[in-house]
Amino acid sequence: GSGADNDLYINQAVVFIEDAIQYRSINHRVDSKSLWLYRWYYSKTCQWILSLTITVILALAFIEEPSSLTVTSDVRYRLPAWNPPCGLTESVELLCFLVFLADLAVKSYLIGWKEFWKNKWLLAYILIWIVSLTDWIVSLSFFCTESLRIRRILRPFFLLQNSSMMKKTLKSINSTLPEMASVVLLLAVHLSLFTMFAMLLFARTKDNQQDKEWVVYFRNLPDALTSLLVLLTTANNPDVMIPAYSKNRAYSIFFILFTVLGNLFLMNLLTAIIYNQFRGYLLKSVQSSLFRRRLGIRAAFEVLSSLKETPANAQQLHVSTEAVQQVLQKVEMDARCKQAIMTSLKMCSCDQLSAAQFQKLFEELDKDAIKQHPPSPEYQSHFMQKLQFAFGHPYFGYLGNVVALANIISICVVLVMDADKQPSERDDFFLGTINCFFILYYLLEMLLKILAMGLRRYLSYPSNRFDGLLTVILLILEIATFAVYGFPHPGWRPEFLGLLSLWDMLRLGNMLIVFRFLRIIPNMKFMALVVTTLLDLVKNLRAFAGILLVVFYAFAITGIMLFKGAVVPLGNTSSQKGVFTSACNSLAVLPTQHLTMALCMCFSWCSALLYLLSVNLICRWAKIYFVAWWLISSVIWVNLFVALLLENFIHKWDRRCHRASLSDIEYQRTVELMFRDVLEEPTEEELMEKLHQHPHLQLCR
């Protein structure tokens with residue numbers, strides 16, 4: 001009946017608008033049962049269960065053999081780790097596989113089987129699931145004694161496929177690889193040529209005393225290549241050139257040319273290319289997201305125009321405002337956006353909306369999130385009004401910054417004076433007294449600001465919440481110090497009294513005071529610009545962190561399998577060889593692997609690791625492992641992060657002159673809005689052409 005059809009159209013419009021909000025594809029089934037399943041699948045509960053399952057299966061590596069549940073990673077001193085019995089982690093893993101199977105089945109059904117075979121991610125999903133389940137069965141058949149577990153390396157794929165933004169980012173990175181490969185190839189040619197020059201220049205001679213450069217760094221081709229590769233990162237500079245430089249100063253020209261050409265020119269050229277290319281591909285990805293949003297809104301308009309009570313108009317389709325209100329009541333969206341759209345709808349004088357009006361109504365989704373601060377209290381007393389004006393004035397905040405600076409300077413003076421004194425000679429009376437004075441001032445400042453601004457307005461500013469929290473902590477710490485050690489007096493040394501001296505509360509308070517000095521950042525516009533740029537990267541570029549986590553995890557698991565049992569521990573020895581042996585063995589647990597990857601990401605530890613591997617024939621080929629990680633993380637990934645950092649900073653720098661400084665309004669931007677000014681709106685023809693290609697939606701026109 002017409003009533004059932006109207007309900008279907010309303011539900012279709014609700015789902016299409018929710019797709020537009022989340023930048024999801026609308027190419028899914030649109031019948032009543034499928035729409036209910038679709039909304040249930042993307043509900044917070046269902047997505048939370050899926051995210052928890054992904055977290056659990058990734059966390060299994062920390063307790064699987066070799067277990068990471070030890071305090072120290074040093075194999076010479078740590079106790080035997082607890083290893084779960086066979087079948088425990090496998091049972092948890094099987095439950096995760098069942099959740100992934102349900103996820104795969106729902107996704108495949110919702111998009112339709114024809115679309116399923118066109119979706120590479122879903123095909124890879126089912127392939128990874130089958131391989132993982134097969135490896136799980138093989139593991140149980142061997143009673144969990146097999147050393148190679150392929151499914152552990154494949155686990156990060158479940159995280160990757162669950163994030164549309166991560167998949168877009170990976171696609172952008174993949175599209176940038178050809179341009180990066182040209183510079184990496186040029187870098188390899190540069191490295192190879194200088195390696196051959198070094199082999200000829202530092203060849204072995206008859207004088208063994210003059211062959212230190214050859215013995216240590218250029219004994220053979222792999223050692224020479226490794227030495228120059230590490231020099232490219234400056235990790236072994238100037239150690240690599242000291243033997244040759246001691247022999248003849250002219251040898252320094254070779255190392256200077258290598259460093260200048262490789263480090264200053266080629267590496268920076270790679271950064272420039274990545275910035276130029278990746279920015280374009282990321283812009284295309286964001287443009288695609290905008291198209292998805294516009295397409296979802298237009299699809300909602302098209303289905304609402306099919307309602308029975310909508311008057312037929314051959315010239316132009318319309319939807320009633322009443323139907324739009326019904327849709328908005330069912331849509332799950334941000335309360336601010338929904339309120340703004342409802343307000344705009346009520347202000348509209350007409351009862352029917354055209355396609356352009358309907359699209360403009362939902363442009364509220366593209367606007368910056370604006371946070372308005374609550375108003376200040378209105379006092380009737382003239383005296384209170386004067387106090388409110390005085391303590392609510394920006395100059396009062398500047399005075400607080402000056403006091404905080406004076407506190408920092410006084411702490412520095414005391415620390416410098418007591419730097420060379422023995423603990424028994426140190427007197428904390430002066431430091432305790434000035435801390436007490438400044439903490440009382442901070443408390444008074446907080447109370448006066450609350451009086452002038454009101455509690456709700458005071459707490460609406462992040463800087464005030466930061467100040468207030470630290471002030472309360474300092475006050476509690478100071479009261480606890482006085483309760484245990486008494487008030488400051490000459491000869492006051494609280495670190496020598498009681499159990500609480502282990503916390504060294506006085507110095508903890510000083511550390512918090514130094515940390516509190518960061519309150520000056522919002523008052524320095526350029527510094528605030530830099531800090532907000534970093535915060536935006538942390539909040540909005542989670543997709544890049546997710547892909548980095550995937551790469552970290554895969555390399556860490558691979559490292560565990562490569563280095564497990566590679567070297568037999570030599571016991572409790574203090575020799576350098578024993579330390580290196582313990583280091584190689586400690587690579588076989590997951591936390592150490594993650595730390596190793598983080599250190600190698602900046603190549604600060606890779607020179608020591610490459611030396612360690614070069615003296616052990618078993619691990620010699622593992623150089624490829626660390627070099628591959630350095631190329632992916634340091635050469636490619638760090639440059640991608642620099643490119644995005646530059647893009648975000650330049651965008652904010654350009655916008656700071658065009659936006660008025662409003663003290664009562666805070667703007668919160670997303671990565672999609674970062675490129676909003678340069679995005680192109682899709683045309684009517686493009687939207688309708690895409691809608692007519694929908695595999696499950698039949699339009700009336």
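The values are calculated or read from the model by the stated rules, or taken from the named source; none is laboratory data. Please read these numbers as outputs of a predicted model, since none were measured by experiment. In this analysis, Cβ positions are derived from the backbone assuming ideal geometry, glycine residues included, and neighbour counts consider all displayed protein chains. For accessibility, only protein heavy atoms count, side chains too; no ligands or nucleic acids. Shrake-Rupley method; radii C 1.70, N 1.55, O 1.52, S 1.80 Å.
Numbers for the structure displayed
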{"item": "Simple spin-label estimate for Ser34 and Gln47 in nanometres, 7 Å along Cα-Cβ", "result": "2.1"}
{"item": "5 angstrom amide H check on Arg219, placed H, neighbours 5+ away", "result": "Ala224"}
{"item": "Theoretical gain in end-to-end length, Glu680 to Lys386 [0.36 nm per residue, Cα-Cα removed]", "result": "100.7 nm"}
{"item": "Assigned charges on the beta-carbon of Lys, Arg, Asp, Glu; segment 1-164 dipole about Cα centre (debye)", "result": "260"}
{"item": "Which of Cys350, Cys337 is most accessible, then next, and so on - probe 1.4 Å", "result": "Cys350, Cys337"}
{"item": "Separation of the Asp418 and Trp136 label points, Cα + 7 Å toward Cβ, nm", "result": "5.9"}
{"item": "Additional length obtainable on full extension of the chain from Val216 to Met347, 0.36 nm per residue less Cα span", "result": "39.2 nm"}
{"item": "For Met561, net neighbour charge (Lys/Arg +1, Asp/Glu -1) across residues whose Cβ lies under 10 Å away", "result": "+3"}
{"item": "Calculated from backbone phi, Karplus (6.51, -1.76, 1.60) coupling profile of segment 625-631 in Hz, x at Gly/Pro", "result": "4, 6, 5, 4, 5, 5, 4"}
{"item": "Unsatisfied cross-links (Cα-Cα over 32 Å) in the set Lys171/Lys623; Lys107/Lys564; Lys120/Lys360; Lys107/Lys346; Lys33/Lys167; Lys284/Lys564", "result": "Lys107/Lys564; Lys120/Lys360; Lys107/Lys346; Lys284/Lys564"}
{"item": "Label-point separation in nm, Ala272 to Leu646, each point 7 Å along Cα→Cβ", "result": "0.9"}
{"item": "Area accessible to solvent at Ser349, 1.4 Å probe radius, in Å²", "result": "120"}
{"item": "Accessible area, probe 1.4 Å, largest first, for residues Tyr379, Tyr458", "result": "Tyr379, Tyr458"}
{"item": "Rounded to the nearest 10 Å², the accessible area of Glu684 at probe 1.4 Å", "result": "80"}
{"item": "Per-residue ³J(HN,Hα) for segment 196-206, Karplus 6.51 cos²θ - 1.76 cosθ + 1.60, θ = phi - 60°, Hz, x for Gly and Pro", "result": "5, 4, 5, 4, 7, 6, 10, 5, 5, 10, 6"}
{"item": "Theoretical gain in end-to-end length, Ala181 to Leu447 [0.36 nm per residue, Cα-Cα removed]", "result": "89.8 nm"}
{"item": "Rounded to the nearest 10 Å², the accessible area of Ser376 at probe 1.4 Å", "result": "50"}
{"item": "Spatial separation of Cα centroids for segment 230-252 and segment 396-417, in angstrom", "result": "45"}
{"item": "For segment 1-164: rounded, prolate or oblate by the Cα gyration tensor [a/c cutoff 1.5]", "result": "prolate"}
{"item": "Shape category assigned to segment 131-285 from the gyration tensor of Cα positions, a/c cut at 1.5", "result": "oblate"}
{"item": "List Arg39, Arg151, Arg457, ordered by accessible area with a 1.4 Å probe, largest first", "result": "Arg39, Arg457, Arg151"}
{"item": "Hz values of 3J(HN,Hα) by residue in segment 130-139 - Karplus curve (6.51, -1.76, 1.60), Gly and Pro given as x", "result": "5, 4, 5, 5, 4, 5, 5, 5, 4, 4"}
{"item": "Convex hull (Cα only) mean projected area of segment 1-59, reported in nm² to one decimal", "result": "4.8"}
